[in-house]
Structure formats: C-alpha cells, structure tokens
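**Student:** Pasting a structure here, questions to come.
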Amino acid sequence: EIEKMFGLEGRFSMLDLGSCCGFFSLQAAVGYKQAAVIGVEGSVGIGNGTTGLQGTEDEIVQTKAIQTHLRWIDQLGLTNCAVAPEVWDFRRVCSLASLGAPIADVMLSLSVIHHIDNVSVEQYEADGMQHVEGTLQLMAKLLQLAPRHFVELPDRPWMEHMYQAYGTARAFLGAAAAVTGQSWSFQGPLCISQWYGRREVWLISRTGVAPQAIPPKGFKALFSRTLGLGYLKGVQQQVASFPRQGQRLPQQQQQQQQQQQVGSTPPPVRTAPVSAGSAAGASVWTGAHGNVTAESRMAVSLPEAEFTYIERPWGHFVNRWAAMDVEIEKMFGLEGRFSMLDLGSCCGFFSLQAAVGYKQAAVIGVEGSVGIGNGTTGLQGTEDEIVQTKAIQTHLRWIDQLGLTNCAVAPEVWDFRRVCSLASLGAPIADVMLSLSVIHHIDNVSVEQYEADGMQHVEGTLQLMAKLLQLAPRHFVELPDRPWMEHMYQAYGTARAFLGAAAAVTGQSWSFQGPLCISQWYGRREVWLISRTGVAPQAIPPKGFKALFSRTLGLGYLKGVQQQVASFPRQGQRLPQQQQQQQQQQQVGSTPPPVRTAPVSAGSAAGASVWTGAHGNVTAESRMAVSLPEAEFTYIERPWGHFVNRWAAMDVEIEKMFG
C-alpha cells in the first residue's frame, strides 16, 4: 500500500508510533530512500518494558528496543531514520493535533494505542470525560496527525471499555473518524493476526486531496530529541567552551547613554504599580518618559533574591522588562492573544511578568542550563536533572504561587540543529521571542555542528542568528560584550552590525528599534527590538505552541498533579487464545503486487497471520526491503510471520502512495 501511495522513489515522511525495536521503521527507511522516518518509543507498554512510566529520557534511550533500533541504523548506514525517545499521552497528542496541519504523510500505530490510552486516563478525568469518550477523542486526535494511517488495535481484555461501547475495532475506528469532522476511507483488514486474540491492520486515508503535511525537513522539529546515525558511536556528542564560571571581567567604562524617544506619548503606568526592589545599577531604559518609572511597568512583584544571579543588578531586570513591556503592549494590547517564547528563561522573571501582565498570552520559557546563570547541568546531565536546577524550580514554584495557567517551562538544550529544525517548519513558532543574554551559550554548544556542516565559526554564528530570527516575526535580543562572541565582534564590530547581517541572511525585510535598554554587566549589553516589516506572518496557533516541545512543565507540576498512573494487564499474563476466526481475504487490485527487486529471507513466516491482499506466488518475504534477524526484533512470543506479513501488507500501499 505504501508503494501504491508514493512509489519507491517518493519523498514523504513517516511516523512509526511505538516503534519498539524499529522493525517497521528500518524496512521503510531502507525501502524508501527518499522518505524521512521517525520512530517514537516511550517504553510504556510491554514490548519494551515500562521504563517510561517512571524513568528518565536517558533511561528510555538505554532500553533494549531503542538500542537495537539505533544499532541497526548504524549497521545499515541510514541517514533517513531516527528515534525520538518520548512518552506520548493525551496531552501530547492534542498539542500536536492543534498545530493545524498533519505532522507526517503516513503514520503507523501498530498495537500501541492502548498503551497511550492507559497513561491518559487521569487526563481524561481532568477534562471531565469518561474513559470511553476520552479514548474516542484520543483516536480522533491521532487521526488528525496524518492523512494516511495504518492502525492495529489489540483484542480484549485491552480496551475492554471500547469493545463494550462499539463492539469491534473497525466500528470504534469509524466512530473516531466521524469525530474528526473529516471524510475518511477504510481499507482492510490488510493483515489479520492471532496474538492474545485477533489483531487487524487497517489502512485509514483521508478522501479527496490529502492535506499537505509539515515538510520533511521540519518533521524533526516536533521532537526535542531525535537519535540517528552515529549516535551510539558518540559522533553527536557536543563539547562546549565557556568562560570559567565566577570569573568576573573588568567592567568597561560606561559609554555615553543613548536616548531614544519611543513615541510622542509617555508609556502608561500599569494599573497597579508594584515595587520590584532596588533599580540600582548601570542600566538605562532609553524610552522612559517623565515621571514614569520602570518599576511602575512591573506586572507582579517578585523577590530580588530569587531571580538575580552572578551579581547582575536587580535594576537590569526591571529596566529590561519595562522597555520590552511598552513595546509588547503596543503590539498586542493588554488583552491580546499571542504566544511568547522566552529563550534561556533562567528563573523565569520575564516569563512570569508576561504571563501575569497578558492574561491571554501563552508563554513558554526554554531553559537548558548550558550557561552560567543556571549552571551547566545541561551539558552532561539528563532532562530530569535540568528540571531540578534552581532556576527551573524557582520558575515552577512561582507559576504555582501565582496560579498561572498560561505559563510553562520546557527543559531543553538548544543548539544549531534544534534551531534549524524549528526554522524549517516554514512558519514562525511564536508571535514574539525573547533572547536575552543567551545566544552566545547556544553558539558555544554548536561549534562542532558548524564544523560538521563545513562552516567557520563566524559563518555558523551568523547562520544560527538568522535561523533564530525565522522563529518569530518580533524579537527582543540582548547580546553580551567581549570577550564573549569575540569572533563576531572581530568580523562585524558591533552587536547591531552583526544582527543586521543576520537579518539580511534571512532574505526577509526587518526593522530595528533601539537600543531600548543599555546595561553595564561584564561590558555593555543592549536590548534591540527586531521586527518583520509589513504584515507579520502568522505564527503557529497558541494551542499548538506546546506541541513543539516534548515536555512542558506548568501549574501543579511541583505538587504532583501531573503525575500519571498507568494500569496495564500484568506482564507475562498470557490470555487464552481465541479460536481463529475465518480468515477474511480481500483483493487489493487486479494486478498482483510486485516482488521487490531483491527478495530476501526474513526468517520463518509461521504463525496465525494472514496478508489478506497477497496474490498468487508473491510472498510476504519478497516484500522485505532488508533482511533482519528474527531474534533481535520479536518480543513476547509474537511470531516472526506477524512482522513480515504486516510489513508486506503496508509496503504495497506505501509504494502505491509515494512510489
């Protein structure tokens, strides 16, 4: 079916949800050289254990299934196949569905949906849904992620509530398709297997012209971490070079303060001015008017001791926010709906001000702990260790204390690869973006990636900045002074000249306003507002904003209200096998599916599994793209023939789709 869809040389993206050891991902990546294939494996089932329920992302990576997948990616030299170690639940699926476009051209969900359903029960309840309604909504959201799906559901007792409500897997899938409000066709069952009961593979496709999926180049951007060729050999390990922590540089002589009138009317005072601590320190809000103080622009009073770091004066925080807040209010108004990304959010001062001051905004801070303000845990530590840093803990504590539902933290290490993948989505990911004294840290951890792409440091930094600009139509940027980014200063002279050069690289038209704020901290630091001219391009909807991050932490996280409890049938409990039902045969077309150019052996095809579309002497084994050892890919006594037959049935359709 895949060959029908795309042809053998077709360019398409495939998401293999619950990829386990990667059998189907590897077949697709070898068989379709132009395809971009990503397997998502979270280890919350039984085929790869339940590490994902309590373990860290790094522990998921160490599971047998992902290690097998990665080993074979290396062995086969596959550049078009990767693994994303992620636990999917209802929230993750909903956020991806809210992007408004399919994330892949074709999606495999083989004996995995019941595991996602299990870890989502408490989320259904939190949304006021009974289990049946929640499962139906989950399936409907999954269908929205691609225009073509291969789906295999388990038999009873898994999803017992679904069978009681709908009777059959086909009826349930039909009900879920109806919920989407879109028109779908069903083809199958393409394959029928007996394994803990009857399991059927169905092809579900959007009728009419298939909607355009996110481009394959941007496919990886949806996952905070994808592992591929060379990962096991360590070629993707990054080495960062930072100034030694605690090393204070001689402060430069304060340069003449540049004053700039931002408008003819003084910026208004916030409705309820609050004290934000001492404004002392060599920091100037250049757009201040008359008696309007920076403190009067604060949306919430926060304790200085919890948010300052490395001797940066409190007034630098207050003045920078005041300068940006005036511009943000001009852009959107106090009741405006917009999304904000605070890159390098540290303790969350700016994210919290924005979330309190703009109740309709969706604010996400990204903190990776690869600088000096929040340490360097992110260089070697796990995601959970990043979450435990002082900065993220402070941010989360104040989200709870202020009861903010519109503010979250994404514990992620950003580098050149991550920025490029997000830029390749083809649309801004946020309406406005803050990058305050953070870009040099991203630059530091990207040096080896620049070299791998054949770029010198200056060119790499320029490309990094240009890609960052593509992530939003409006940016507040603060760069450090020398000796950080020394190569950039040698090439361009000033921060403004460098930013102008990066803007030119984007090929888009930008306006510069500033510096809005000038601060002295290890040299001179200027805040610039960089905006796309003309009509600002539409960003990804705020509801889909969170979908770009595999993990966002928000209100209640510290209190444990987001902890998930999964209920699985006991591992190792074998259910009495049902009597094999009469095998349903279906002719897929008048012409037998072609044999692969070089048929290979895939082991014994024994087992109660039927490829319903098989013709004549064409065997399932002849559709295999690569010979893989049975012992490494089977699990829990599932016969090898089930793998071979299911791939053969899907492969014919994929080739039809894409070639």
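The values are calculated or read from the model by the stated rules, or taken from the named source; none is laboratory data. Bear in mind the structure is a predicted one, so any value in this text is a computation, not a measurement. Note that we place each Cβ from the backbone using ideal geometry, even for glycine, and neighbour counts take in every protein chain shown. Remember, those area values only see protein heavy atoms, side chains included, never the ligands or the DNA or RNA. Shrake-Rupley method; radii C 1.70, N 1.55, O 1.52, S 1.80 Å.
**Student:** Give region 116-166 a look and list any residue that's open to solvent by 50 Å² or more (accessible area, probe 1.4 Å), within 19 Å of Phe186 (Cα to Cα) and part of a loop (DSSP other than H, G, I, E, B), or say none.
**Tutor:** Gln144
**Student:** Something else: Given Val438, Val445, which one is among the β-branched types (Val, Ile, Thr) and in contact with a strand residue (DSSP E or B) (Cβ under 7 Å, 6 or more places away or on another chain)? Can you show your working first?
**Tutor:** Values: Val445 fails: in contact with a strand residue (DSSP E or B) (Cβ under 7 Å, 6 or more places away or on another chain).
Only one candidate passes the filter, namely Val438.
**Student:** Still on this structure, I have one more. Assess whether Glu621 counts as being open to solvent by 20 Å² or more (accessible area, probe 1.4 Å), more than 35 Å from the chain's Cα centre (by Cα), of a type outside the set (Val, Ile, Thr) and modelled with pLDDT of 85 or more. Break it down stepwise before answering.
**Tutor:** Details: open to solvent by 20 Å² or more (accessible area, probe 1.4 Å): yes; more than 35 Å from the chain's Cα centre (by Cα): yes; of a type outside the set (Val, Ile, Thr): yes; modelled with pLDDT of 85 or more: yes.
When the stated conditions are applied, Glu621 passes them.
**Student:** On the given criteria, is Lys64 of a type in the set (Lys, Arg) and either modelled with pLDDT under 90 or crowded, with 21+ Cβ neighbours inside 10 Å (or both)? First the steps, then the outcome.
**Tutor:** Numbers: of a type in the set (Lys, Arg): yes; either modelled with pLDDT under 90 or crowded, with 21+ Cβ neighbours inside 10 Å (or both): yes.
The answer is yes for Lys64.
**Student:** So which pairs qualify, if the first residue must be in region 205-231 and over 23 Å from Ile429 (Cα atoms), the second must be in a loop (DSSP other than H, G, I, E, B) and of a type in the set (Ser, Thr, Tyr), the Cβ gap must be under 8 Å, and the two must be at least 6 apart or on different chains?
**Tutor:** As it stands, the answer is Arg206/Ser183; Thr207/Ser183; Gly208/Ser183; Gly228/Thr79; Leu229/Thr79, since those pairs meet every condition given.
**Student:** What helices (runs of 4 or more DSSP H), lying completely within region 277-380, carry at least 1 residues that are closer than 23 Å to Glu526 by Cβ and either at pLDDT below 95 or in contact with an Asp or Glu (Cβ under 6 Å, 6 or more places away or on another chain) (or both)? Quick ask: steps written out before the conclusion?
**Tutor:** Values: elements: 304-307, 314-332, 349-357, 377-380.
Result: 304-307, 314-332, 349-357.
**Student:** May I pose another question? Could you list, in sequence order, all residues of region 19-37 that are outside any loop (DSSP other than H, G, I, E, B), open to solvent by less than 10 Å² (accessible area, probe 1.4 Å) and in contact with a strand residue (DSSP E or B) (Cβ under 6 Å, 6 or more places away or on another chain)?
**Tutor:** Ser25, Ala28, Ala29, Val37
**Student:** Could you please let me know if Ala169 is open to solvent by 50 Å² or more (accessible area, probe 1.4 Å), at negative phi and among the aliphatic types (A, V, I, L, M)?
**Tutor:** Judged against the criteria, Ala169 is not a match.
**Student:** Got at least one residue in region 323-346 being at positive phi, open to solvent by 10 Å² or more (accessible area, probe 1.4 Å) and touching a Gly at 6+ places or on another chain (Cβ under 8 Å)? I'd like the intermediate steps shown before the answer.
**Tutor:** As a first pass, look at region 323-346 and keep what is at positive phi: 333, 344, 346.
So of that shortlist, the ones also open to solvent by 10 Å² or more (accessible area, probe 1.4 Å) come out as 333, 344, 346.
Then drop every residue that is not touching a Gly at 6+ places or on another chain (Cβ under 8 Å), which leaves 344, 346.
Within region 323-346 (the criterion being at positive phi, open to solvent by 10 Å² or more (accessible area, probe 1.4 Å) and touching a Gly at 6+ places or on another chain (Cβ under 8 Å)), the answer is yes, since at least one residue qualifies.
**Student:** Part of a loop (DSSP other than H, G, I, E, B), more than 27 Å from Gly100 (Cβ to Cβ) and among the hydrophobic types (A, V, I, L, M, F, W, C): is that true of Val413 in this structure? Walk me through it before giving the result.
**Tutor:** Numbers: part of a loop (DSSP other than H, G, I, E, B): yes; more than 27 Å from Gly100 (Cβ to Cβ): yes; among the hydrophobic types (A, V, I, L, M, F, W, C): yes.
For Val413, the condition - part of a loop (DSSP other than H, G, I, E, B), more than 27 Å from Gly100 (Cβ to Cβ) and among the hydrophobic types (A, V, I, L, M, F, W, C) - is met.
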